[in-house]
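To start, the structure under review is shown below, and the notes come after it.
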Amino acid sequence: MIQKNKSYNILQNFVDSNNSDTTDLYLDENGKEISEQRALDVSSTLSQCQNLISLELFFYQGNIGDQGVIYLATALSKITQIKKLEFSLLQNKFGDIGALEIASGLSQCLKISSLSIGIGSNNITHQGYLKLDQCLSGLPNLFTLYCYLRNGEKLLKSQEILNCKNIKVLTLSLECKKKEVVQHKLKALKIKRLVKFRIILC
């Protein structure tokens with residue numbers, strides 16, 4: 001019998017459990033406990049969750065570097081039935097390599113229709129954000145996108161996003177200066193197929 005919903009605030013409990021039949025999964029832990037080894041342990045278990053349709057993964061204010069993101073992205077690439085993903089790695093320690101791996105993992109999740117992503121306060125440059133934009137614009141079923149953006153983030157700024165045909169509903173949750181809020185708004189409104197747009201100020 002498939003167990004529909006499982007929630008873990010202590011990741012070791014997730015690692016030690018059988019989650020192969022889970023369809024809806026919530027993982028949330030923050031702080032220094034979120035290490036490369038923890039990312040590896042979680043990713044190994046996550047890779048076995050082949051029936052996942054919805055995943056909420058919040059690992060923030062941790063010590064996940066590029067290698068840890070590689071583990072997580074590899075696991076993500078294996079849960080190809082997923083349709084809804086909420087993914088936050090705010091305030092960790094990865095850069096463009098990690099961003100490229102996230103893009104690579106997401107690109108295998110072709111059924112995703114709703115995505116929430118937060119990857120600010122890391123070491124990602126323009127090149128990393130460009131690859132993520134290319135990935136998002138290439139997900140054929142991505143209809144609803146929620147982005148949490150902080151000061152200086154360059155996500156959703158490329159020509160690929162402006163010309164994308166998939167994203168129809170966009171929400172920007174912004175924690176940045178007023179000037180950047182205006183810039184984000186003006187850029188987002190240029191997305192050609194956008195039907196619904198809103199900004200949330202944090």
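Exposure proxy for Cys202, Cys164, Cys135: other Cβ atoms within 10 Å of each Cβ, ordered fewest to most, give Cys202, Cys135, Cys164.
Strictly over 27 Å apart at the Cα level, which of Lys32/Lys111; Lys6/Lys78; Lys131/Lys179 would you flag in this model?
Details: Lys32/Lys111 33 Å; Lys6/Lys78 19 Å; Lys131/Lys179 25 Å.
The answer is Lys32/Lys111.
Between the residues Gln37, Cys164, Tyr148, the greatest Cα displacement towards the positive end of the dipole of the chain, with unit charges on the Cβ of Lys, Arg, Asp and Glu, is found for Cys164.
Phi-derived couplings, Karplus 6.51 cos²θ - 1.76 cosθ + 1.60 at θ = phi - 60°, listed residue by residue for segment 12-23: 4, 5, 5, 4, 8, 9, 8, 10, 5, 9, 6, 9 Hz, with x used for Gly and Pro.
Output needed for segment 1-84: three equivalent-ellipsoid semi-axes, defined as square roots of 5 times the C-alpha gyration tensor eigenvalues, in descending order, whole Å. Numbers along the way, then the final one.
Values: eigenvalues 82, 36, 22 Å².
They are 20, 13, 11 Å, listed largest first.
Placing a label point 7 Å from the Cα of Ile97 along the Cα-to-Cβ direction, the residues of segment 119-134 with a backbone N closer than 20 Å are 119-132. Dipole size of the chain about its Cα centre, with +1 on Lys/Arg Cβ and -1 on Asp/Glu Cβ: approximately 1300 debye, rounded to the nearest 20.
For a label point 7 Å from the Cα of Glu86 along Cα→C-beta, name the residues of segment 128-156 whose backbone N is under 16 Å from it. From segment 128-156, the list is 144-149. Entry for segment 32-146 at q = 0.13, 0.24 Å⁻¹: log10 I(q)/I(0) = -0.42, -1.52, Debye formula applied to identical alpha-carbon scatterers, no solvent contribution. Positive contributions from Lys and Arg (+1) and negative ones from Asp and Glu (-1), summed over other residues with Cβ under 11 Å from the Cβ of Ser7, come out at -2.
Under 5 Å from the amide H of Glu56 lie the amide H atoms of Leu25, Tyr26, Leu27, Glu86, each residue being 5 or more positions distant or on a separate chain, with H modelled from the backbone and absent for Pro and chain starts. Using the Cβ of Glu36 as centre and a radius below 15 Å, the other residues enclosed give a net charge of -2, where K and R count +1 and D and E count -1. Using a simple spin-label model with points 7 Å from Cα along the Cα→Cβ vector, what separation in nm is obtained for Leu194 and Ser47? Reported label-point gap for Leu194 and Ser47 is 3.8 nm. Since only Ile199, Gly68, Ile10 are under comparison, the one whose Cα sits farthest along the positive direction of the charge dipole of segment 5-201, derived from C-beta charges on Lys, Arg, Asp and Glu, is Ile199.
Considering only alpha-carbon pairs that sit under 8 angstrom and 6 or more positions apart, the relative contact order computed for the chain is 14 percent.
Each reported figure results from applying straightforward, stated rules to the coordinates on display, with no laboratory input. Since this is a predicted model, take the numbers as computed values, not measurements. Because the Cβ atoms are built from the backbone with ideal geometry, glycine has one as well, and the counts that use them run over all protein chains shown.
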